[in-house]
There are 2 protein chains.
Amino acid sequence: MAGTVQLTLSMSLDGYITGPDPSYEVPLGAGGAERLRPGGRPELAGTILAGTGATVVGRNMYDHVRGWGEDPPFKMPVFVITHRPHPVRVAGATTFNFVDAVATAFDLAKRAAREKDVYIGGGADIADQALRLGLVDEVNVFVEPTLLGGGTRLFDHLGGDPIDLERIGVAEYDPNTHLRFRVLR
Amino acid sequence: MAGTVQLTLSMSLDGYITGPDPSYEVPLGAGGAERLRPGGRPELAGTILAGTGATVVGRNMYDHVRGWGEDPPFKMPVFVITHRPHPVRVAGATTFNFVDAVATAFDLAKRAAREKDVYIGGGADIADQALRLGLVDEVNVFVEPTLLGGGTRLFDHLGGDPIDLERIGVAEYDPNTHLRFRVLR
């Protein structure tokens, strides 16, 4: 049986996944690293890595990732959504594949993941597009106890009809709260 | 001992407290009444009414309230923030007082509430201003399992520095999740 497409991320109560002015040097923006820490949270990293067989990222996220050196931490097939064609790039245990349509990227990622899950590595635009296209099975939000007041907002370009969810789990960590939802279709 | 200022509301996972195109006839906007139901939720109504001694609302919210007739359900002192001076209006068990500054409205509401809590009746702009001014003690969000994709967004005009919170409670209702936070200062 095929795995599921998981949107998993750390978000402030006001819906930001970075603080203001994110950049290559400060990817989580002003105040973001201390308050969102997606990579530094064992519970989040564990949720992402357990059972993940492939990752989909946008081009901007890939450009960040290139700075991670010759052996990026993915160690799985990664599908990069970009309009610029690019040959497959192997970096350590990670294989980067370049695909020019969101739906195709997820289709290839699900096949590559086999029975494991597909992780959406971001950014927010890719996550929103995948939700709108009905490609996401579960939404895992780690709600951080802060109002960032600015930054990159998730769910900011959904538009269209409401997308209804079903809560399938709640877990309390220190200091964040994991809300787990299934996307209803 | 004085009570606390409580921001309590029902919000979609993408941060909306109404659906798209709210109006006098459809105050919760398209799809909002079915998905947000702040007045129709016993757990939310209970949280609001238990121990509330005064309410602060913005002028637009008051204009909605006027449609509720001669005995509005507040049955307590209500402080309306408006630049237009207006004499006190008594409607059944509710007294409407008109105040032209946000901080003054909360100050008067806390005195009127005595040992009870002050409830922020909305709209979103008044809630954001109260948070930014440091007037809110607790944030109670009932997270509804839906992505509305549009409407009136809470926490949309906070700006400024991050406002850090401390989670003080989580409760699972069907179908929403109550996240309770203390505002750190």
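The values are calculated or read from the model by the stated rules, or taken from the named source; none is laboratory data. The shown structure was predicted, so the numbers you read here are calculated from the model rather than taken from an experiment. Here Cβ is always computed from backbone atoms with ideal geometry, including for glycine, and neighbour counts include all displayed protein chains.
Here's a check for you: in region B:167-180, which residue that is exposed (fewer than 13 other Cβ atoms within 10 Å of the Cβ) and either assigned to a strand (DSSP E or B) or modelled with pLDDT of 95 or more (or both) is nearest to the other protein chains (Cβ to nearest Cβ)? Give the derivation first.
The first filter runs over region B:167-180 and keeps only residues exposed (fewer than 13 other Cβ atoms within 10 Å of the Cβ), leaving B:169, B:172, B:174.
With the extra rule that they be either assigned to a strand (DSSP E or B) or modelled with pLDDT of 95 or more (or both), the set shrinks to B:169, B:172.
Details: B:Gly169: 10, B:Glu172: 6 Å.
So the residue we want is B:Glu172.
For A:Val99, indicate whether it is under 30 Å from B:His157 (Cβ atoms) and at pLDDT 95 or above. Write out each step before concluding.
Details: under 30 Å from B:His157 (Cβ atoms): no; at pLDDT 95 or above: yes.
Judged against the criteria, A:Val99 is not a match.
For A:Thr95, only one of the following conditions fails: (1) over 17 Å from the mean Cα position of the chain (by Cα); (2) part of a strand (DSSP E or B); (3) within 14 Å of chain B (Cβ to nearest Cβ). What is its number?
(3)
Which of the residues belonging to region B:151-169 are over 30 Å from A:Ile168 (Cα atoms) and charged (D, E, K, R)?
B:Asp161
For residues in region A:13-27 being of a type in the set (A, V, I, L, M, F, W, C) and touching a residue at least 60 places away in the same chain (Cβ under 8 Å), which is surrounded by the most Cβ atoms within 10 Å (Cβ to Cβ)? Spell out the reasoning first.
Within region A:13-27, the first condition is being of a type in the set (A, V, I, L, M, F, W, C), and the residues that meet it are A:13, A:17, A:26.
Okay, now just the ones that are also touching a residue at least 60 places away in the same chain (Cβ under 8 Å), so A:13, A:17.
Numbers: A:Leu13: 24, A:Ile17: 26.
Once the filter is applied, the top-ranked residue is A:Ile17.
So, of the residues in region A:52-64 that are assigned to a strand (DSSP E or B) and not hydrophobic (A, V, I, L, M, F, W, C), which turns out to be farthest from A:Pro85 (Cα to Cα)? If you could, list the steps in order and put the result at the bottom.
Initially, region A:52-64 is screened for residues assigned to a strand (DSSP E or B), giving A:52-58.
This time we only want the ones that are not hydrophobic (A, V, I, L, M, F, W, C), so: A:52-53, A:55, A:58.
On the way: A:Thr52: 26, A:Gly53: 23, A:Thr55: 18, A:Gly58: 14 Å.
My answer is A:Thr52.
Is it true that some residue in region A:65-77 is without any contact (Cβ under 8 Å) to a residue 60 or more places away in the chain, assigned to a strand (DSSP E or B) and not acidic (Asp, Glu)?
Let us first name the residues in region A:65-77 that are without any contact (Cβ under 8 Å) to a residue 60 or more places away in the chain, namely A:65-77.
Filter again for assigned to a strand (DSSP E or B), leaving A:77.
Checking the rest, the ones that are also not acidic (Asp, Glu) come to A:77.
Yes, region A:65-77 contains at least one residue that is without any contact (Cβ under 8 Å) to a residue 60 or more places away in the chain, assigned to a strand (DSSP E or B) and not acidic (Asp, Glu).
Can you say whether A:Leu13 is among the hydrophobic types (A, V, I, L, M, F, W, C) and either modelled with pLDDT of 85 or more or in contact with a Ser or Thr (Cβ under 7 Å, 6 or more places away or on another chain) (or both), as far as the supplied structure shows? Talk me through it step by step, then tell me what you get.
On the way: among the hydrophobic types (A, V, I, L, M, F, W, C): yes; either modelled with pLDDT of 85 or more or in contact with a Ser or Thr (Cβ under 7 Å, 6 or more places away or on another chain) (or both): yes.
Yes; evaluated as a whole, the condition is true for this residue.
Among the residues of region B:133-155 satisfying the criterion of being under 15 Å from the mean Cα position of the chain (by Cα) and among the charged types (D, E, K, R), which is surrounded by the most Cβ atoms within 10 Å (Cβ to Cβ)?
The qualifying residue surrounded by the most Cβ atoms within 10 Å (Cβ to Cβ) is B:Arg153.
Given the conditions (1) in a strand (DSSP E or B); (2) closer than 26 Å to A:Pro73 by Cα; (3) not hydrophobic (A, V, I, L, M, F, W, C), which single one is not true for A:Asp128?
The failed condition is (1).
Scanning for something among the polar types (S, T, N, Q) and assigned to a helix (DSSP H, G or I), does region B:103-111 turn up at least one residue? Talk me through it step by step, then tell me what you get.
First, pick out the residues of region B:103-111 that are among the polar types (S, T, N, Q): B:104.
Subset that is assigned to a helix (DSSP H, G or I): B:104.
Yes: one or more hits.
Can we say A:Asp125 is surrounded by fewer than 23 Cβ atoms within 10 Å (Cβ to Cβ), farther than 14 Å from A:Met11 by Cβ, modelled with pLDDT under 95 and away from chain B (no Cβ under 13 Å)?
Details: surrounded by fewer than 23 Cβ atoms within 10 Å (Cβ to Cβ): yes; farther than 14 Å from A:Met11 by Cβ: yes; modelled with pLDDT under 95: yes; away from chain B (no Cβ under 13 Å): yes.
Yes.
Do you know which of the residues in region A:132-150 that are more than 9 Å from chain B (Cβ to nearest Cβ) and touching a His at 6+ places or on another chain (Cβ under 9 Å) is farthest from B:Val170 (Cα to Cα)?
A:Asn140
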